[in-house]
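> The structure's right below; bear with me while I get my questions together.
The values are calculated or read from the model by the stated rules, or taken from the named source; none is laboratory data. Every value quoted in this text rests on a predicted model; they were computed, and no experiment measured them. Virtual Cβ from ideal backbone geometry, glycine too; neighbours counted across all protein chains shown. Each accessible area value is taken on the protein alone, full model and side chains, heavy atoms only, with ligands, DNA and RNA left out. Shrake-Rupley method; radii C 1.70, N 1.55, O 1.52, S 1.80 Å.
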Amino acid sequence: MNPRYEYRALLACDIAGSAGRGERRLQEIRQVLRAALSDALGVADLDAREFGYADTGDGCRLVAPAALPKARLLFPLLPELGARIRVHNGQAGADTRLRVRAALHAGEIRLDPDGTTSGAPFEALARLLDSAPLRHATSAGTGGTPLAAILSQHFYEETVGHGHEGLEADAFTAAEVQVKEYAARAWLWYPGSPVGPRFGSGAASGSGAASGDGEQPAPPEPRTADQLVQAMGNGTVFAVHRGDQHIRHHARG
């Protein structure tokens with residue numbers, strides 16, 4: 001049998017700071033992530049058995065079924081996954097708490113007769129998962145963010161850009177990604193704005209309404225990458241410049 005090529009949505013997860021915890025703790029947190037992801041898939045009415053699953057050591061990679069709309073990998077899956085990690089962290093010791101990075105992309109992948117998959121979309125997915133903007137979003141704040149996700153421009157345009165239910169454009173933040181030879185615009189998401197606008201983008205209530213005079217707030221002043229952690233802990237809105245990367249963040253405590 002010859003390999004075939006199909007357009008698929010892809011999701012990769014990685015446990016931040018997994019190194020140095022020891023084998024026993026690593027296995028515990030890997031199991032926590034897998035259970036949280038399985039539960040979140042169930043709540044999102046997605047059958048985990050229909051996904052291609054690959055264990056990546058300190059994370060995993062999912063290949064969605066061919067007919068699955070990409071938006072189904074965003075809402076309610078990401079908020080549900082983040083909520084489960086947050087609950088675990090509230091009950092766990094410091095050595096078994098999780099901070100998870102997630103990346104989403106889609107494209108034509110190769111499916112071999114033996115069940116293996118490959119192709120350029122996986123390379124882009126890996127670069128997104130390893131990108132500085134996503135790492136900053138995950139590690140910022142006093143205890144780190146339970147879950148932060150990054151979407152490729154293509155994935156963003158065909159999900160958030162199409163106005164699917166539950167996906168508000170103001171919940172995502174543009175970031176320029178450059179990892180090795182990969183350079184592209186991407187979009188960040190983290191808990192606190194899975195639905196609805198970021199604080200500061202409209203009325204104080206978070207309803208998304210513009211200010212009374214109809215004008216939008218002025219863009220924030222750029223800050224250094226070192227100020228990112230402090231600013232996110234303070235719940236402020238800011239822009240970050242790091243080398244040739246420009247990241248506009250809305251942080252929540």
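> Would you be able to say whether some residue in region 76-92 is more than 18 Å from the chain's Cα centre (by Cα) and among the charged types (D, E, K, R)?
The answer is no; no qualifying residue exists.
> Anything in region 84-125 that is more than 26 Å from residue 2 (Cα to Cα) and open to solvent by less than 50 Å² (accessible area, probe 1.4 Å)? List them, or say none.
Once the filter is applied, which keeps residues that are more than 26 Å from residue 2 (Cα to Cα) and open to solvent by less than 50 Å² (accessible area, probe 1.4 Å), region 84-125 yields 85, 88, 89, 92, 93, 96, 98, 100, 101, 102, 103, 104.
> Right, here's the next one. Could you tell me which residue of region 51-83 is least open to solvent (accessible area, probe 1.4 Å), considering only residues that are under 12 Å from residue 13 (Cα atoms), of a type in the set (D, E, K, R) and touching a strand residue (DSSP E or B) at 6+ places or on another chain (Cβ under 6 Å)?
58
> Looking for whichever is within 18 Å of residue 33 (Cβ to Cβ), at pLDDT below 95 and of a type outside the set (Asp, Glu) here; the options are 92, 102. Which one fits?
92
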